[in-house]
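This is the structure I have questions about; it appears just below.
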Amino acid sequence: MAFQSLHHVLGALDQQSAWRSRRQIQQILAAWPELVGSAVAAQTRPWALQSGVLQVGVANSPWVQTLMFERLHILAKLNAHLPYEVQDIRFSTTWWHRRSLDSEDALKTESARVWREHPSRIDGTQPNAAVPAPTNPETAFQSWANQMRSRTAQLPLCPTCRCPTPPGELQRWSCCGLCAVKQW
């Protein structure tokens, strides 16, 4: 068996439809924010290119409707930018929920950032902290009450209701979150 040049091997790979489709969707992903703008790109994600039809995941139905009106404009921009033709675009919220692992990691990172910056966060606590399973309702309540007492012992008091309040809430609303909601 003779060795083949790398150029020949890559050319053979490029002729395989799965490889070509993957390369094409990568090209679309790279150009997508530039072609549709950052606001639209944040709400959409090209998912697949099948038989010349681009499948795009969209965050919600109103965006799907808006993008359907802009479909031909987006299609023209895509075809002007790409070395191959995209025949049509289909928008669906279904594909939005089929996010890749990278997207899931991004969501976890974003959730962690939101929690770090949340005004109700108390340093040193984590949401859903592991607590031993209670044996009966009384011990469950006692465990919860003890946790709350230890968490809130050093917190400043809300000027309105005099309840312990996370400092972030006082900075943001000048009172606790419950009193802030009552004022709205």
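The values are calculated or read from the model by the stated rules, or taken from the named source; none is laboratory data. Keep in mind it's a predicted model, so treat the numbers as computed, not measured. Cβ: placed from backbone, ideal geometry, glycine included. Neighbour counts: every protein chain shown.
Scan segment 22-33 and report the pairs whose first residue is over 13 Å from VAL56 (Cβ atoms) and assigned by TED's automatic domain parsing to the domain that holds GLU85 and whose second residue is at pLDDT below 90 and not aromatic (Phe, Trp, Tyr), with Cβ atoms within less than 6 Å and a gap of 6+ or a chain change.
GLN24/LEU49
Something else about it: For segment 148-166, give me each residue that is in a helix (DSSP H, G or I) and either touching a Ser or Thr at 6+ places or on another chain (Cβ under 9 Å) or touching a residue at least 24 places away in the same chain (Cβ under 8 Å) (or both).
Residues satisfying the conditions are ARG151, THR152.
Another one. Any idea how many residues of segment 149-163 are under 13 Å from SER120 (Cβ atoms) and out of contact with any strand residue (DSSP E or B) (no Cβ under 6 Å at 6 or more places or on another chain)?
Qualifying residue count for the region: 3.
In segment 45-102, what residues are touching a residue at least 40 places away in the same chain (Cβ under 8 Å) and over 19 Å from ARG22 (Cβ atoms)?
If the condition is that a residue be touching a residue at least 40 places away in the same chain (Cβ under 8 Å) and over 19 Å from ARG22 (Cβ atoms), then LYS77, PHE91, TRP96, HIS97 are the ones that fit.
Of all residues in segment 39-76, which are over 15 Å from the mean Cα position of the chain (by Cα) and either over 16 Å from THR94 (Cβ atoms) or not assigned by TED's automatic domain parsing to the domain that holds ASP88 (or both)?
Within segment 39-76, LEU49, SER51, GLY52, THR66, PHE69, GLU70, ARG71, LEU72, HIS73, ILE74, LEU75, ALA76 qualify.
How many residues are touching a helix residue (DSSP H, G or I) at 6+ places or on another chain (Cβ under 8 Å) and within 17 Å of SER51 (Cβ to Cβ) if we restrict to segment 62-86?
5
Out of everything in segment 127-165 that is of a type in the set (Gly, Ala, Ser) and within 25 Å of ARG113 (Cβ to Cβ), what residue ends up being modelled with the highest pLDDT?
Looking at residues that are of a type in the set (Gly, Ala, Ser) and within 25 Å of ARG113 (Cβ to Cβ), I get ALA130.
Identify the residue in segment 81-90 that is more than 23 Å from the chain's Cα centre (by Cα) and farther than 15 Å from PRO33 by Cα and, among all such residues, is surrounded by the fewest Cβ atoms within 10 Å (Cβ to Cβ).
Among those residues, the one meeting the criterion is PRO83.
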